Amino acid sequence: MKKRLLSGVLAIMLIASVFTFAACGGGDTNGGEDSDPIKIGVFGPTSGPIAAYGSAVVNSVKLAVEEINANGGIDGRMIEVYDYDTKGDRAEAISTYNRLRDQDEVVAIIGGTISGETLAVKELAIEDNMPMLTPTATAADVTIDAPSIFRACFLDPYQAAAAARFSIDTLEAQSVAILYNSDDAYSEGLAESYKAVFDEEGLTVTNYIGYTTNDVDFSTALTQIRNADPDVIFLPDYYDSVGQIATQIRDMGLEQVCVGVDGWDSVEIDYAEQVEGYYFVNHFAKTDPDPTVQDFIAAFSEKYDQEPNALGALGYDATFVMAEAIKNAGSTDGQAIIDALASIEYKGVTGTIRFDEQGDATQKDIAIIKLVDGKHELVEKLVVE
Amino acid sequence: MVFIQQLINGLQVGSIYAVIALGYTMVYGIVKLINFAHGEVMMMGAYFAFLAATAGMPIWAVFLISMLGSAVLGMAIERVAYKPLRDAPRISALITAIAMSLFLQNLALVIFKADPKVMPRIVPNIPITVGDLRISSITVITFVVSVAFMALLTFFVNKTKPGKAMRAVSEDKEAATLMGINANSTISMTFAIGSALAALGGILYGVAYTQVAPTMGLLPGLKAFVAAVLGGIGIIPGAMLGGFIMGFVETFAKAYISGRWADAIVFGILIVVLSVKPTGILGKNVREKV
């Protein structure tokens, strides 16, 4: 027993020393010459079923770095970006992280793209005190007890609250029907947060109906909703389900306006006619006249020959935030960058980014978009207290 | 009023299940095989319709191409996968059917990719208002088309010569062969008709729910199978009855119990039927099969 315990302790010490050594090694090389490039890493799934997410982020990070370097880099030092494909896999994310730290010796990381891979490297990043800024991982856990991890996007309770405030204040809704996917944490969480605002205000939630991922027939639920006759319908789900529901809403002749969430992005591609006149909240609006937004869209479209989506906008902003933090820190020391991130305030494509103690973006602008003729029309920008 | 509206909703889902269940029951009636690839034939039928509709063909051509394509596919499946096993133990044929189902699903995955395609709206949508009730034109078309094809099938099986041959082969293949009926071509024909009906179900399903995807055949296929068992597998009117009952049960479970429980209740029916009356509602000791 004793022997085993001893060897266990030895093994842990050995591993710990390797890590410490590696971390020191990283710090030394990067802190060196003033003309050396500053290395940052980015990772996400750029192949596999959710390749679109990772590609959007990686492409935008590269675009942002190009622009920063063209403007003289960070105090004259160029940024060098290392990007890796994780396929959305946790194990792959860990080896990517290790490679970024040991082989590429990056000083900071933009990533991960999805929650799973970000959570996989969370403990490592905390241990190494590696400044990490995820543009898009929405799981609450990502930043909890993680002083070195920050997040650029708003969280689901925040966007649900914004959608609810918009329904109440602008659409003047007195009652709402909520139709959500009870198999999906994203959809259910949004439904709960939205309902909470209505309950707090003493307004009516006429229907609160869950469906399952396999459901394609919503006529039963819609019949109940039509009978209850609410002012608006809240549909917190991804665009393919929303398209199906909206079609059946139109088929059954329901005249309520529907309100949605960031998962609606792209619904207008296949269902423009059905979602005409509906509203959803998003990270940014493509039709926002703000020059920051229009310049980003123009630059992205020129480089990649396609329009950027919200994930891309967040990746783009995250890169500028990180560059600004490194500049403010005046060094590439991990702790200095983390401190600089904690006190940053940066106005980007997706609104003003500043972080709370947890490291989450706080009081961020949220864009209310109306779907008109298959296009996104910016109605207003909200900040929820 | 809500109750009647829900009844109409159930009628729409039920008529799709009924049309698909017919194929299950006919094939079982004639070769005693539960053709688990049936749901995938329905999926393929929906894709054929999707391709035809996106090519801008008129609605009758979409139905024709999809149903003919699926009929050919059904006959090909029978010839390649089931015919060589006709004298093998039934379990071998059943396993082959499951393999066929997986094969078709993955084939669709390779050809059409995993992301769902949006079915063009080949049926114009005009909500029809009757008093307080509002019925979408798609519901009406689904119901009318399925009932029309069911009537056509009933007439075909009972009143025509090939229909008579089908009934004969189903009752006793050897005896029918001795009477000069070509059992092979009769079985082929059964598969063709069953598959065309599955395609019909697929088109109606795709149009009503706007999407076609490689996995779309799975659940409706299983539910149609339960419907066939419920009505009494091998019995044509039983499949229709079972399909409508399934539609009503599903809709009312969603409306008055919970959306989460709907599928559990629907599949619970299978267990109840098998333990209480394994021959199904219309099943008798001396069965009049397809």
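The values are calculated or read from the model by the stated rules, or taken from the named source; none is laboratory data. Treat the numbers as computed from the prediction; the structure is a model and nothing was measured. Cβ atoms come from the backbone with ideal geometry, glycine included; neighbour counts cover every protein chain shown.
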Which condition breaks for A:THR170 when tested against (1) surrounded by fewer than 22 Cβ atoms within 10 Å (Cβ to Cβ); (2) under 14 Å from the mean Cα position of the chain (by Cα); (3) hydroxyl-bearing (Ser, Thr, Tyr)?
(2)
Scanning segment A:198-232 residue by residue, those under 25 Å from the mean Cα position of the chain (by Cα) and at pLDDT 95 or above turn out to be none
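Conditions tested, residue by residue: (1) over 19 Å from the mean Cα position of the chain (by Cα); (2) within 23 Å of A:GLY112 (Cα to Cα); (3) within 14 Å of chain B (Cβ to nearest Cβ); (4) at pLDDT below 95.
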position: A:ILE269; (1), (2), (3), (4): yes, no, yes, yes
position: A:ASN282; (1), (2), (3), (4): no, yes, no, yes
position: A:PRO291; (1), (2), (3), (4): yes, no, no, yes
position: A:GLU307; (1), (2), (3), (4): no, yes, no, yes
position: A:PHE320; (1), (2), (3), (4): no, yes, no, no
position: A:ALA323; (1), (2), (3), (4): no, yes, no, no
position: A:ALA329; (1), (2), (3), (4): yes, yes, no, yes
Any idea how many residues of segment A:341-368 are touching a strand residue (DSSP E or B) at 6+ places or on another chain (Cβ under 8 Å) and part of a loop (DSSP other than H, G, I, E, B)?
8
Of B:GLU78, B:GLU40, the only residue that is among the charged types (D, E, K, R) and touching a Phe, Trp or Tyr at 6+ places or on another chain (Cβ under 7 Å) is B:GLU78
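Yes or no, residue by residue, for (1) of a type outside the set (Val, Ile, Thr); (2) surrounded by fewer than 23 Cβ atoms within 10 Å (Cβ to Cβ):
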site: A:GLY312; (1), (2): yes, no
site: A:ALA318; (1), (2): yes, no
site: A:SER331; (1), (2): yes, yes
site: A:GLY334; (1), (2): yes, yes
site: A:SER343; (1), (2): yes, yes
site: A:ILE353; (1), (2): no, no
site: A:GLN358; (1), (2): yes, yes
site: A:GLN363; (1), (2): yes, yes
Would you mention how many residues in segment A:171-188 are more than 14 Å from chain B (Cβ to nearest Cβ) and outside any strand (DSSP E or B)?
6
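Within segment A:85-105, how many residues turn out to be within 22 Å of the chain's Cα centre (by Cα) and either within 19 Å of A:GLU127 (Cβ to Cβ) or surrounded by fewer than 21 Cβ atoms within 10 Å (Cβ to Cβ) (or both)?
So the answer is 11.
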(1) within 14 Å of chain A (Cβ to nearest Cβ); (2) β-branched (Val, Ile, Thr); (3) in contact (Cβ under 8 Å) with a residue 12 or more places away in the chain; (4) over 21 Å from B:VAL13 (Cβ atoms) all hold for B:ILE77 apart from (1)
One residue is enough: does segment A:120-131 have a residue meeting the conditions surrounded by fewer than 24 Cβ atoms within 10 Å (Cβ to Cβ), under 20 Å from A:TYR186 (Cα atoms), in contact with a helix residue (DSSP H, G or I) (Cβ under 6 Å, 6 or more places away or on another chain) and assigned by TED's automatic domain parsing to the domain that holds A:ALA191?
no
So A:TYR194, is it in contact with a helix residue (DSSP H, G or I) (Cβ under 7 Å, 6 or more places away or on another chain), modelled with pLDDT under 95 and part of a helix (DSSP H, G or I):
no
How many of the residues in segment A:43-68 are of a type in the set (Phe, Trp, Tyr) and in a helix (DSSP H, G or I)?
1
What number of residues within segment A:197-225 satisfy the criterion of being assigned to a loop (DSSP other than H, G, I, E, B), within 14 Å of chain B (Cβ to nearest Cβ) and not acidic (Asp, Glu)?
5
Of all residues making up segment B:250-275, the number that are under 19 Å from the mean Cα position of the chain (by Cα), more than 12 Å from chain A (Cβ to nearest Cβ) and surrounded by 18 or more Cβ atoms within 10 Å (Cβ to Cβ):
1
Of the residues in segment B:129-141, those that are facing chain A (nearest Cβ under 10 Å) and at pLDDT 85 or above come to B:ILE135, B:SER136, B:SER137, B:ILE138, B:THR139
Of the residues that make up segment A:260-267, is at least one in contact with a Leu (Cβ under 6 Å, 6 or more places away or on another chain) and more than 11 Å from every other protein chain (Cβ to nearest Cβ)?
yes
Only unsatisfied item for B:VAL229, checking (1) of a type outside the set (Gly, Ala, Ser); (2) buried (at least 23 other Cβ atoms within 10 Å of the Cβ); (3) in contact (Cβ under 8 Å) with a residue 60 or more places away in the chain, is (3)
Could you give me the residue pairs with C-beta distances under 8 Å whose first residue belongs to segment B:85-112 and is within 16 Å of B:ILE34 (Cβ to Cβ), whose second residue is aromatic (Phe, Trp, Tyr) wherever it lies, and which are 6+ apart or on separate chains?
B:ALA93/B:TYR82; B:LEU94/B:PHE36; B:THR96/B:TYR82; B:ALA97/B:PHE36; B:ALA97/B:TYR82; B:ILE98/B:PHE36; B:MET100/B:PHE36; B:SER101/B:PHE36
Boolean, A:THR247 is modelled with pLDDT of 90 or more and within 14 Å of chain B (Cβ to nearest Cβ)
yes
Report yes if some residue within segment B:42-61 is away from every other protein chain (no Cβ under 14 Å), surrounded by fewer than 24 Cβ atoms within 10 Å (Cβ to Cβ) and of a type in the set (Val, Ile, Thr); otherwise report no.
yes
Does A:ILE233 satisfy the criteria of being facing another protein chain (nearest Cβ under 7 Å) and aliphatic (A, V, I, L, M)?
no
For the list (1) within 14 Å of another protein chain (Cβ to nearest Cβ); (2) touching a residue at least 40 places away in the same chain (Cβ under 8 Å); (3) surrounded by fewer than 20 Cβ atoms within 10 Å (Cβ to Cβ), I need the number of the one condition that A:ALA191 fails.
(3)
Cross-chain or 6+ apart pairs with Cβ under 8 Å, segment A:255-266 first and assigned to a strand (DSSP E or B), then at pLDDT below 90:
A:GLY260/A:VAL267
In the list A:ILE338, A:ILE297, A:ILE326, which residue meets the criterion of being surrounded by 23 or more Cβ atoms within 10 Å (Cβ to Cβ) and assigned to a helix (DSSP H, G or I)?
A:ILE326
I'm trying to understand the selection: among the residues of segment B:201-238, which are of a type in the set (A, V, I, L, M), more than 17 Å from B:LEU104 (Cα to Cα) and assigned to a loop (DSSP other than H, G, I, E, B)?
B:ILE233, B:ILE235
